[in-house]
Amino acid sequence: MIKLYLLRTALIFTVVFSWEILAAGHYIDPFYVSQPSRIFNDLIAFYSSGDLVKHLAITLKAALWGLAIGGFVGVAIGFLLGRIKLLADVLEPIVTALYGIPKLALAPIFILWFGVGIESKIFLSGLLVFYLVFFSTFSGVRSVDPQLIGAVRLLGASRIQILMKVIFPSSVPWILAGVRGGIGASLIGAIVGEYMGASAGIGWMIMYATSFFQTDRVMSCIFLLLLIGLTLNLLLKNAEQYLLRWRPNLDFSTN
Amino acid sequence: MVLTVDNILLSVSDLNKSFKSSSGDTVEALKNLNLEIKRQEFLAIVGPSGCGKSTLLNILAGLYPPDSGTIARDMADGNGLRNIGHISQADTLLPWRTVVQNVELGLELRGVSKGRRRAVVEKLIEQVDLSQFKNNYPFELSGGMKKRAIIIRALAYDPDIIFMDEPFVGLDVQTRDLLEEDILKLWHETRKTIVFVTHDLAEAITLADRVIIMSSRPSTVKSEHTIHLPRPRSTVDIKFTEDFTETYKKIWDDLSAEVKKSRSK
Ligand SMILES: Nc1ncnc2c1ncn2[C@@H]1O[C@H](COP(=O)(O)OP(=O)(O)OP(=O)(O)O)[C@@H](O)[C@H]1O
Ligand SMILES: [Mg+2]
């Protein structure tokens with residue numbers, strides 16, 4: 001495991017170091033791709049002006065609200081459609097058809113509906129998250145082992161007890177899988193929403209800096225997004241490890 | 001219908017059940033089946049594979065209704081189904097619950113407080129020697145341990161009757177002997193009515209007061225044999241007694257005829 005960490009660190013270090021050297025020697029043009037040292041300096045300036053925290057907070061707020069609302073609605077609708085056959089028969093084809101629409105392409109109309117404020121970003125981000133969590137929850141609810149339901153019913157469970165004690169816990173891994181995808185989607189929704197029309201936020205900052213050819217600032221923003229994604233995924237991974245401790249650990253791939 | 005005849009816990013008359021198979025034709029599983037189950041008895045049901053043993057048990061436990069026929073029960077909650085324990089052929093422990101949490105589920109569903117259900121459950125867990133694993137999840141248990149947990153899960157809420165559908169299938173002989181020992185011990189201590197389905201005749205004779213042979217499909221009760229072997233029985237030693245071999249031979253003739261019939265279909 002330590003060996004893996006060392007290898008990984010070495011790889012990252014090599015890439016960053018070569019980037020620095022190549023850019024310093026003008027083998028690659030820092031005007032287009034910036035340079036690690038310049039990104040570092042920019043991050044410091046970005047932070048000390050107070051702008052970094054301000055813009056990051058706006059984007060994070062939109063993404064997290066999108067994740068929370070989209071996730072909650074996705075789980076709720078997923079359960080309703082998963083359990084009520086009539087509802088699923090009527091609605092599932094419609095939901096699936098709507099899923100085919102590229103939602104990011106709809107961003108301009110959401111700006112029209114909800115304005116350039118944070119609401120339109122939350123909506124876009126929530127919509128992306130909703131679909132991922134909904135489909136995953138729906139499949140989870142549908143794939144509960146009927147033998148478990150039968151056994152618990154024979155132990156004396158009511159319908160609501162079966163829902164709470166069998167169907168819900170058995171769907172948790174599926175819900176978490178949806179949320180894992182949802183983290184990335186919520187960030188995409190917030191950023192793209194900011195591209196389309198905003199006066200602040202990391203997405204707005206990327207647009208703004210690009211129009212002034214400030215590649216250093218663009219790269220700083222991308223670095224920040226990378227950090228946010230990593231942090232959120234790490235949090236989720238810890239939550240998963242706790243919530244799914246009842247599953248045999250069959251992950252032989254890494255770590 | 002509630003029974004009034006003394007000492008009969010459950011009585012089944014003219015039970016019919018058929019299934020529509022996915023290929024479209026009808027499979028008659030049970031046909032005009034009659035059966036009486038006495039209070040506190042250990043009843044074993046033996047029959048060829050696919051004859052409808054699980055179907056019968058599922059209907060008796062209330063998992064689904066028969067097509068026709070009556071089932072009369074004389075239980076604490078009348079005709080209710082909360083006094084029934086059912087152990088199916090499958091592994092039905094909830095994987096996200098520890099052994100303790102699984103075993104106490106029946107009590108939890110009945111609203112028993114945590115303190116009281118833990119007291120009951122811990123004792124049962126000790127009786128089947130699972131204390132060391134009580135806080136483990138099912139994936140960490142061996143097949144035999146899982147079976148033991150499933151069995152005491154059905155005992156924990158004190159049902160009047162427990163249906164066991166080939167609970168030991170897929171286990172090695174040694175584990176099986178030990179579990180049979182466990183079952184008999186628990187039965188002596190609790191005096192529950194047990195209906196035990198198996199296709200192992202020796203197992204049926206070892207455990208039961210009465211063995212019922214089911215015919216091949218469409219299935220009815222073909223014959224019934226009272227087992228006169230003395231109790232308490234040692235599940236291993238008893239198999240070497242003359243009485244056992246004699247009983248076995250007698251019932252085997254009956255059973256093998258049915259097995260052959262179901263094979264030739
Ligand atoms: N849900 C079902 N749908 C369709 N057919 C079924 C269903 N359940 C059982 N059957 C059929 O009914 C017959 C009896 O099945 P059952 O499971 O009761 O047999 P069994 O005696 O328990 O067999 P085994 O000893 O192999 O467990 C079989 O022919 C089976 O195919
Ligand atoms: Mg069966």
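The values are calculated or read from the model by the stated rules, or taken from the named source; none is laboratory data. As the structure is a prediction and not an experimental result, all values here were calculated from the model. A quick note on method: Cβ atoms are made from the backbone with ideal geometry, for glycine too, and the neighbour counts reach across all protein chains shown. Note: areas computed on protein heavy atoms with side chains; ligands, DNA, RNA excluded. Shrake-Rupley method; radii C 1.70, N 1.55, O 1.52, S 1.80 Å.
Yes/no per residue for (1) over 28 Å from A:S171 (Cβ atoms); (2) open to solvent by less than 70 Å² (accessible area, probe 1.4 Å):
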| position | (1), (2) |
| --- | --- |
| A:T9 | yes, no |
| A:F13 | yes, no |
| A:I21 | yes, no |
| A:Y32 | yes, no |
| A:P36 | yes, yes |
| A:F46 | yes, yes |
| A:A63 | no, yes |
| A:L67 | no, yes |
| A:V90 | no, no |
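Within region B:28-70, can you find the residues that are within 12 Å of ligand 2 (Cβ to nearest atom) and either more than 14 Å from chain A (Cβ to nearest Cβ) or of a type in the set (A, V, I, L, M) (or both)? Please lay out each step first, then the result.
So the first thing to find is which residues in region B:28-70 are within 12 Å of ligand 2 (Cβ to nearest atom), and the list is B:29, B:45-58.
Of everything in region B:28-70, those that are within 12 Å of ligand 2 (Cβ to nearest atom) and either more than 14 Å from chain A (Cβ to nearest Cβ) or of a type in the set (A, V, I, L, M) (or both) turn out to be B:A29, B:I45, B:V46, B:G47, B:P48, B:S49, B:G50, B:C51, B:G52, B:K53, B:L56, B:L57.
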With the condition kept exactly as written, say whether any residue in region B:219-237 is at negative phi, buried (at least 19 other Cβ atoms within 10 Å of the Cβ) and over 19 Å from the mean Cα position of the chain (by Cα).
no
When the residues of region B:191-226 are filtered to those that are touching an Asp or Glu at 6+ places or on another chain (Cβ under 8 Å) and at pLDDT below 90, which remaining residue is nearest to ligand 2 (Cβ to nearest atom)?
B:H199
Count, please, the residues in region B:164-198 that happen to be assigned to a strand (DSSP E or B), away from ligand 1 (no atom under 16 Å from the Cβ) and of a type in the set (A, V, I, L, M, F, W, C).
1
Can you tell me which residues in region B:163-186 are in contact with a Phe, Trp or Tyr (Cβ under 9 Å, 6 or more places away or on another chain) and away from ligand 2 (no atom under 16 Å from the Cβ)?
B:T175, B:R176, B:L179, B:E180, B:I183, B:L184
Which of the residues spanning region B:118-142 are open to solvent by 30 Å² or more (accessible area, probe 1.4 Å) and in contact with a Leu (Cβ under 8 Å, 6 or more places away or on another chain)?
B:V120, B:Q127, B:F133
Of the residues in region B:57-68 that are touching a Lys or Arg at 6+ places or on another chain (Cβ under 8 Å) and at pLDDT 90 or above, the one that is most open to solvent (accessible area, probe 1.4 Å) is B:D67
Which pairs turn up if I take residues in region B:154-180 that are within 14 Å of chain A (Cβ to nearest Cβ) and look for partners that are of a type in the set (S, T, Y) and surrounded by fewer than 20 Cβ atoms within 10 Å (Cβ to Cβ) with beta carbon separation below 7 Å, at least 6 apart in sequence or on another chain?
B:L155/B:T190; B:D165/B:S54
I'm told B:D91 meets every condition in (1) more than 16 Å from ligand 2 (Cβ to nearest atom); (2) assigned to a loop (DSSP other than H, G, I, E, B); (3) in contact (Cβ under 8 Å) with a residue 24 or more places away in the chain except one. Can you identify the failing condition by its number?
(1)
Quick check on B:K250: is it in contact (Cβ under 8 Å) with a residue 12 or more places away in the chain, open to solvent by 70 Å² or more (accessible area, probe 1.4 Å), outside any loop (DSSP other than H, G, I, E, B) and under 30 Å from B:L15 (Cβ atoms)?
yes
Test: residue in region A:141-156 that is crowded, with 22+ Cβ neighbours inside 10 Å, over 25 Å from B:L107 (Cβ atoms) and in contact with a helix residue (DSSP H, G or I) (Cβ under 6 Å, 6 or more places away or on another chain):
yes
Can you give me the number of residues within region B:190-218 that are among the acidic types (D, E) and open to solvent by 20 Å² or more (accessible area, probe 1.4 Å)?
2
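Step by step: first the residues of region B:48-71, then only those that are in a loop (DSSP other than H, G, I, E, B) and on the phi > 0 side of the Ramachandran plot, then the one that is farthest from ligand 1 (Cβ to nearest atom). Which residue is that?
Step one: filter region B:48-71 for residues in a loop (DSSP other than H, G, I, E, B), giving B:48-52, B:62-67.
Okay, now just the ones that are also on the phi > 0 side of the Ramachandran plot, so B:50, B:52, B:62.
Working: B:G50: 4, B:G52: 4, B:G62: 15 Å.
Only one residue fits best here, namely B:G62.
Of B:M75, B:M145, which residue is away from ligand 2 (no atom under 16 Å from the Cβ), more than 15 Å from A:L154 (Cα to Cα) and modelled with pLDDT of 90 or more? Talk me through it step by step, then tell me what you get.
Numbers: B:M75 fails: modelled with pLDDT of 90 or more.
The unique qualifying residue is B:M145.
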Looking at B:K31, B:K53, can you tell me which residue is at pLDDT 90 or above and over 18 Å from B:A154 (Cβ atoms)?
B:K31
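Go through region B:78-88 residue by residue and tally those that are part of a strand (DSSP E or B), within 13 Å of chain A (Cβ to nearest Cβ) and modelled with pLDDT under 85.
Keep residues of region B:78-88 that are part of a strand (DSSP E or B), which gives B:78, B:84-87.
Retained after the next criterion (residues that are within 13 Å of chain A (Cβ to nearest Cβ)): B:84-87.
Retained after the next criterion (residues that are modelled with pLDDT under 85): none.
Adding up the residues that qualify gives 0.
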